[in-house]
Each structure stands twice: as structure tokens, then as C-alpha cells.
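The structure under discussion appears below in the form of C-alpha cells.
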Amino acid sequence: MIERRKNIARRKLLQYGTAAIGSYAVLTSMGNKINAAESTDKLVASAGNKKFSNLSPDQAISELVQGNQRFIRQRSRNPNQSRLRLLETSDSQSPFACILTCSDSRVPPEIIFDRGLGDLFVVRDAGNIATSGEIGSLEYGALVLGAKAVVVMGHQNCGAVKAAIELGSTSGFIGSIINEILPAIQISRSKEGDLVYNAIIANIQLQKQKVQTSPVISKLTKENKIKVVGAYYNLENGRVEILE
Ligand SMILES: [Zn+2]
């Protein structure tokens, strides 16, 4: 049974080109979660995900925007956080959106989009940078788990972007993050207006472009199975602005 599941996942990946084969090792190492690819029917049968099973990419983004509106108005419903939902999602998941965002403690996706368990496949690091590990995770969320949207979200007053402005080229582990943000700083220096804000926006766009270099993400996008967008989160008012 496990072998059969692995074969199905492998077939699915192979359809998405040789570049995806590398991802297979990651997927198989994720153990029994691989069965998420064929558990859709089971999840659809569960009350919590019925609503999301047939969403288009635009509708998935709309769900996020609506959840954010509830959060801004302090009318969060805290959906899919019940004991029942815990049980429903205990052996499989079917998140409707992938979010690549900053590790910043003020930017928790489930809270600002008013979502719950099994709804969002979240990838976080300082500065919402898209390295190979992050892109591989997003491929998994979109291709295997079936998420319909990929959101690359930066935020106001991002400490990682500010550090990149102040430090420039940096060594060590932290340098591996800072240096990924430097091209966005470079682009922004020649622009009018606030350097930090401009660099945050440029960083969102650059990291989004890196995500789009994935053959898996690119093919799913062309097939209208997913949509990749940038987003900017305002720390003061809680609003997420979608950047096409
Ligand atoms: Zn940040």
C-alpha cells in the first residue's frame, strides 16, 4: 500500500519534468504524509474542507482576502480550530493556499487570514526569501497537497530587510539570508521615496520571481491550477494588500 502511494506521488512528480525528480527524495522522506496526494476524496468528505475542494486560484485568494477583512474588523471567526477539525486533519491535509512569509512574530498567517488547522501550508524564514528549500516546500504544497494559491508575503518594517540595508554583504549563516535580500536593496536605491518600504516591495517581487522559476510551479500556473501573487502586510492596521 505504501509502495503504491509512493508510485502515485512519483508519477505525479514525473509529469512535472525532470527538475521535479529531486523533490521526490524530499517527499518520500516525509513518510506517510505522501498519502495526502490521494486523500483528497476523504478530505472532501469532511465538513471543514468541502468548501475549499473546488476553489479556483482566484477564489482561493479571495478566501484569504475575506479572512483578512474579518481580522481587520476584529470579526475573526477562528474557523477550523475545533476538536472535530483536529480529528479530521489528523491523517491528511488539503490546504487551499501556500504562504511564503517572514518569520517575524507579528506576521502569523493563520491569525491575519482568519484560518485554522489544515487550511494554509506555511513556509517561513527571515525576510521571506525563496531559497531552494522554500521553493521545494511550495512545490510540495501546490503539487502534492493541491493548494490553489501561492502567496509571497513581505511586511512593513521588516527587520531582515532593514538589516540588509545596514549591513550589506554579510558572512555566516545570517549572511545566507541577508545576501538574498541585497538585490532588492540595489534596485530600490535609485527609486524615490522610502528606501525600506521600496526594498520590502522589491524583495517581495524578487522572491516571487524566484518561486516562479520552479518548473513545477510554472507548469501548474500555465495550467491555471495555481496562481502566484505577492502580498504586503501592514503591521499598523493588519491589512494584507495583494500585489499582482
Ligand atoms: Zn520580516
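Between Glu236 and Ser90, the distance separating the two model label sites (each 7 Å from Cα on the Cα→Cβ line) works out to 4.7 nm.
Counting only DSSP beta bridges whose two residues both lie in the range 119-244, roughly 35 percent are antiparallel.
Residue pairs exceeding 18 angstrom between C-alpha atoms, taken from Lys162/Lys227; Lys162/Lys191; Lys191/Lys227: Lys162/Lys227; Lys191/Lys227. The slack between Asn179 and Gln205, meaning 0.36 nm per residue of separation minus the straight C-alpha distance, is 7.8 nm. Each residue, Tyr197 and Arg73, gets one label point 7 Å from its Cα in the Cβ direction; the gap between the two is 2.7 nm. At an R0 of 41 angstrom, the distance between the Cβ atoms of Asn157 and Ser132 translates into a FRET efficiency of 0.90.
Below 19 Å, Cα to Cα, which aspartates and glutamates can Lys208 reach? Residues fewer than 8 away in the same chain don't count. Those aspartates and glutamates meeting the cut-off are Asp58, Asp104, Asp125, Glu134, Glu139, Glu180, Glu223, Glu241, Glu244.
Rule-based calculations on the coordinates, nothing more; no lab input. What you are looking at is a predicted structure, and each value in this text was computed from that prediction instead of being measured. As a convention, Cβ positions derive from the backbone with ideal geometry for all residues, glycine included, and neighbour counts pool all protein chains shown.
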